[in-house]
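Read the structure below first, then the notes.
The values are calculated or read from the model by the stated rules, or taken from the named source; none is laboratory data. It should be emphasised that the depicted structure is a prediction, and the values quoted were computed from it without experimental measurement. Cβ coordinates were reconstructed from backbone atoms using ideal geometry, including for glycine residues, and neighbour counts include every protein chain displayed. Remember, those area values only see protein heavy atoms, side chains included, never the ligands or the DNA or RNA. Shrake-Rupley method; radii C 1.70, N 1.55, O 1.52, S 1.80 Å.
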Amino acid sequence: MASDSSPPPAEAPPQGHGDKLAVFWHEGMLAHDTGRGVFDSGRDPGFLDVLDQHPENADRVRNMVSILRRGPIAPFLSWHSGRPAHASELLSFHSSEYIEELVQANATGAKKFCEGTFLNPGSWGAALLAAGTTLSAVKHILDGHGNLAYALVRPPGHHAQPDRADGYCFLNNAGLAVHLALDSGRSKVAVVDIDVHYGNGTAEGFYRTDNVLTISLHMRHGSWGPSHLQSGSVDEIGEGKGFGYNPNVPLPNGSGDAGYEYAMNELVVPAIDKFQPPTFGFCGRSGF
């Protein structure tokens, strides 16, 4: 007898947009073309018939959008359009010199900022959309329109430091979001970064402050060059007023659900409980 392989019916979706997960997205972010080559190098050795897509490519985000729109949690989502960030908004986290470097790179057409990180035609507009869409998601919560928001954005951002690009990232979307929350009257903000790599850019932006708790769970990969001097070790816990407000949780390679669950329950949740930030729900696809 044939078995019924259809998925079980989803539970009834919550009532009202305020009870749904608000997803912020703008298709203009697909214009960021990271190119092809050997892995993320952009190099063509001359003897390959098919070059790799860059790991941070538009198709992976197209699939994320399709999963959210047509997958099992689709009834629980509400969709909202993003917007480009204004130049003045970028200065809350980034230096004016660095922003000018990005603007000039866009004007000249293309620039490789560091290994794997290419600003090509269309990239700057996409980066502004990623930053502005993230800010729109945060403002949605700050203005009381919902309880939880998700910014689906690219280029990613958590490696971008106040004065440099790094790891496929140009603008630190999470850092900009934190500053918007603080400027809107929130006294404290906690950031939990669960990307496989250390969220070094976000941590660097708040490394010497005590009103932002930055927690990063990541593999033990160490520094990877002049654009990424931070190692993400347990010893990098902040400086000055920020000492102790940048706990890192480097996990052994191969850690699975049990490892993350243990780290969350034993390290992350107690740290946030002690920090006591105001209730504030936001998540972003900002890292890589």
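Here each label is just a point 7 Å from Cα along the line to Cβ, and for A74 and E27 those points are 1.6 nm apart. From the Cα gyration tensor of region 17-103, with a ≥ b ≥ c the square roots of its eigenvalues, which class applies: rounded if a/c is under 1.5, or else prolate if a/b is larger than b/c, or else oblate? It comes out oblate by the Cα gyration axes. Relative intensity of region 158-288 on a log10 scale, I(q)/I(0) at q = 0.15, 0.23 Å⁻¹, equals -0.66, -1.60, per a Debye sum over C-alpha point scatterers of equal strength in the absence of solvent.
Taking 0.36 nm per residue of sequence separation and subtracting the Cα-Cα distance, how much length would be gained by fully extending the chain between V65 and Y260, in nm to one decimal? Present the calculation step by step, with values, prior to reporting the outcome.
Values: separation 195, 0.36 × 195 = 70.20 nm, distance 2.54 nm.
Extending this stretch completely gives an extra 67.7 nm.
What value, in deg cm²/dmol to 500, does the helix sum -39500 (n - 2.57) over DSSP H runs of n ≥ 4 give at 222 nm once divided by the residues of the chain? Taking each H run of at least 4 residues, the total per residue is -8500 deg cm²/dmol.
Per-residue 3J(HN,Hα) values for region 61-69, derived from phi via the Karplus relation 6.51 cos²θ - 1.76 cosθ + 1.60 with θ = phi - 60°, read 7, 4, 5, 4, 5, 5, 4, 5, 6 Hz in sequence order (x marks Gly and Pro).
This structure gives volume of the Cα convex hull per residue in Å³, computed directly, and of (i) 171; (ii) 137; (iii) 203 that value is listed as (i).
For Y262, the solvent-accessible surface computed with a 1.4 Å probe is close to 150 Å², ligands and nucleic acids excluded.
Summing +1 for each Lys or Arg and -1 for each Asp or Glu, what net charge is found among the other residues whose Cβ lies under 14 Å from the Cβ of A87?
Details: positive: R83; negative: E89, E97, E100, E101.
That sum, taken over residues with Cβ under 14 Å, equals -3.
Ignoring ligands, DNA and RNA, how do H54, H197 rank by accessible area with a 1.4 Å probe, largest first? Mind dumping the intermediate values first?
On the way: H54 5, H197 45 Å².
Most to least solvent-accessible, the answer reads H197, H54.
Based on the Cβ-Cβ distance of L51 and N253, what FRET efficiency does E = 1/(1 + (r/R0)^6) give at R0 = 30 Å, to the nearest 0.05?
Details: r = 28 Å, r/R0 = 0.92.
According to the calculation, E is roughly 0.60.
By accessible area, using a 1.4 Å probe on protein heavy atoms only, region 19-185 has 54% of its surface on carbon and sulfur. Cα gyration tensor of region 47-96, axes a ≥ b ≥ c as square roots of the eigenvalues: rounded (a/c below 1.5), prolate (a/b > b/c) or oblate? Oblate is the answer for region 47-96, as a/c is 1.5 or above yet b/c matches or exceeds a/b.
Can you compute the FRET efficiency between S81 and L148 using 1/(1 + (r/R0)^6), with r the Cβ-Cβ distance and R0 = 25 Å? Round to the nearest 0.05.
On the way: r = 18 Å, r/R0 = 0.72.
The formula returns an efficiency of 0.90 here.
For region 19-185, give the share of DSSP beta bridges that are antiparallel, in percent and rounded to the nearest 5; count only bridges with both residues there. Antiparallel bridges: around 45 percent, rounded to the nearest 5. Computed from phi, the 3J(HN,Hα) profile of region 262-269 under the Karplus parametrisation 6.51, -1.76, 1.60 (θ = phi - 60°) reads 5, 4, 5, 5, 9, 10, 5, 4 Hz, with x in place of Gly and Pro. Of the beta bridges in the chain, as assigned by DSSP with both residues counted there, near 30 percent are antiparallel.
Considering only Cα-Cα distances, which of the following residue pairs are longer than 31 Å: K139/K274; K112/K274; K20/K241; K139/K241? Among K139/K274; K112/K274; K20/K241; K139/K241, the Cα-Cα distance tops 31 Å for K112/K274; K20/K241. Rolling a 1.4 Å probe across the protein heavy atoms gives the chain an accessible surface of 50 Å² per residue. Both radii are taken from the alpha-carbon atoms of region 19-185; with Rh as the Kirkwood radius, Rg/Rh is 1.00. Phi angles across region 160-168 convert, under the Karplus curve 6.51 cos²θ - 1.76 cosθ + 1.60 with θ = phi - 60°, into 3J(HN,Hα) values of 5, 9, x, 10, 6, 7, 5, x, 6 Hz, Gly and Pro given as x.
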